[in-house]
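Data first, discussion second: the structure below is written as C-alpha cells.
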Amino acid sequence: MMQLIWNGLIVGSFYALVALGYSMVYGIIKLLNFAHGDIYMLGAFVGFFTLSAFGISNETSIPLLLVVLLLSMVTTGLIGVGIERIAYRPLRRSPRLAVLITAIGVSFTLEYGVRQIFGPNPEAFPIRLESSGFDVLGMRVTASQIVLVVIAAVLMLVLAHIVERTRQGRAMRAIALDPTGAQLMGVNVDRVIAMVFFIGSALAGAAGVMAGAYYGSIDFLMGFIIGLKAFTAAVIGGIGNLYGAMLGGVLLGMLESFGSAWFGGEWRDVFAFGFLILFLTLKPTGLLGARVVERM
C-alpha cells in the first residue's frame with residue numbers, strides 16, 4: 001500500500017507541474033494550450049541535447065541534474081514566451097475555436113520538429129536515477145526519488161509565493177478577474193501574460209527533465225499523453241485553480257498507481273480517463289473549482 005502511494009506521488013508530481021501551466025494560462029486568458037504537453041517533451045530533449053553535447057552519459061549526479069534542470073527551465077520558458085507572441089497573441093480576440101486549432105498546430109509542429117532533429121526512436125536519457133535505496137514504512141525509497149519529489153514541491157511552493165505574495169502575482173490575479181480593468185489601472189497585460197507563459201513552460205520543462213531521469217528514456221511523442229493527463233489533472237482539481245492543479249496531479253498519480261496494481265499496467269490510461277468521465281458527471285467544476293456564470 002505505502003509503495004503504491006509513494007510511486008503515485010512521484011508520477012503525480014510530474015502531472016502537477018504540467019497541470020499548473022494549463023491552469024495558469026486558462027485562468028488568465030481562458031486558453032486551453034494543448035501544445036503545453038510538448039513543452040514538457042522539449043524540456044526533456046533540451047536536457048538530453050545539453051548532456052550529449054558534453055559527452056555525458058549514464059551519470060547519476062544529482063548536482064548535474066539540477067544544473068540541467070535549470071537550463072531546461074530557462075530554455076523552455078523562453079520557447080513558451082515565443083509561442084505566445086507568435087501563435088497566440090495575434091489571435092487573442094479571435095473566436096476560441098481558432099485559437100484551439102492553432103494550439104493543436106503548434107503541438108504537431110513541436111512534435112515533428114523534434115522528430116526531424118533527433119529521429120523517431122526513443123533516446124536513453126544521459127542521467128539515470130540510482131536503483132539502490134532503503135526501506136521505510138514498508139516502501140522502497142531511493143535518495144534520487146526523494147530529490148525529485150522535493151524539487152517538484154519546492155517549485156510549486158515558489159509558484160504559490162509568486163502568485164500570492166508578489167506584485168507580479170497580484171497583476172496575474174487582476175487580469176484573471178478583469179483584463180480590461182487591470183489594463184486601465186496601468187497593468188501591462190501583454191507582459192504579464194508573457195510571464196505566465198514563461199513560468200508555466202519552465203515548470204513543464206522541469207517536469208520533462210525529471211521524467212527523463214526517472215523513466216530513463218525520452219521520445220518525441222512523450223508530451224502527447226502526459227499533456228492529456230495533465231489537462232485531466234487540471235480539470236479534476238478545477239481548471240484555473242493552481243492548488244486544484246497540484247491536488248489533481250497528485251490524485252491522478254495515485255489513481256494510476258493503484259489502478260495499475262489492481263488491474264495491470266495496460267489498464268492505467270483507461271483507469272485514469274474513465275475516472276475523469278465519472279468524476280465530471282458528479283462534480284463538473286472540479287475539486288476546488290468555482291461555478292462560473294457567464295454574463296450575456
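What to note about this one:
- Residue in region 97-112 that is touching a helix residue (DSSP H, G or I) at 6+ places or on another chain (Cβ under 9 Å), among the acidic types (Asp, Glu) and at pLDDT 95 or above present: yes
- Only one of the numbered conditions (1) polar (S, T, N, Q); (2) over 29 Å from Leu255 (Cα atoms); (3) at pLDDT below 95; (4) under 21 Å from the mean Cα position of the chain (by Cα) is violated by Asn58, and that is (4).
- Test: residue in region 255-265 that is part of a loop (DSSP other than H, G, I, E, B) and either under 16 Å from the mean Cα position of the chain (by Cα) or of a type outside the set (A, V, I, L, M, F, W, C) (or both): yes
- Restricting region 180-230 to residues that are free of Cβ contacts under 8 Å to residues at least 12 places away in the same chain and part of a helix (DSSP H, G or I) leaves a set whose member that is surrounded by the most Cβ atoms within 10 Å (Cβ to Cβ) is Ala182.
- A residue that is in contact with a strand residue (DSSP E or B) (Cβ under 7 Å, 6 or more places away or on another chain), assigned to a helix (DSSP H, G or I) and loosely packed, with under 15 Cβ neighbours inside 10 Å can be found somewhere in region 2-20.
- Under the condition of being of a type in the set (S, T, N, Q), open to solvent by less than 80 Å² (accessible area, probe 1.4 Å) and either in contact with a helix residue (DSSP H, G or I) (Cβ under 9 Å, 6 or more places away or on another chain) or at pLDDT below 80 (or both), the residues counted in region 123-146 number 3.
- Pair list, Cβ < 6 Å and 6+ apart or interchain, from region 51-72 residues that are over 14 Å from Ala202 (Cα atoms) to residues that are of a type outside the set (Gly, Ala, Ser) and part of a helix (DSSP H, G or I): Ile62/Val147
- Of residues in region 87-101 being more than 21 Å from the chain's Cα centre (by Cα) and free of Cβ contacts under 8 Å to residues at least 12 places away in the same chain, the one most open to solvent (accessible area, probe 1.4 Å): Arg93
- Gly133 being out of contact with any strand residue (DSSP E or B) (no Cβ under 6 Å at 6 or more places or on another chain) and either of a type outside the set (Asp, Glu) or closer than 19 Å to Val18 by Cβ (or both): no
- Test: residue in region 248-259 that is surrounded by fewer than 23 Cβ atoms within 10 Å (Cβ to Cβ), without any contact (Cβ under 8 Å) to a residue 40 or more places away in the chain and touching a helix residue (DSSP H, G or I) at 6+ places or on another chain (Cβ under 9 Å): yes
The values are calculated or read from the model by the stated rules, or taken from the named source; none is laboratory data. A quick note: this is a predicted structure, and the numbers were derived from the prediction, not measured. With ideal geometry, Cβ positions are generated from the backbone for all residues, glycine too; neighbour counts draw on all protein chains shown. For accessibility, only protein heavy atoms count, side chains too; no ligands or nucleic acids. Shrake-Rupley method; radii C 1.70, N 1.55, O 1.52, S 1.80 Å.
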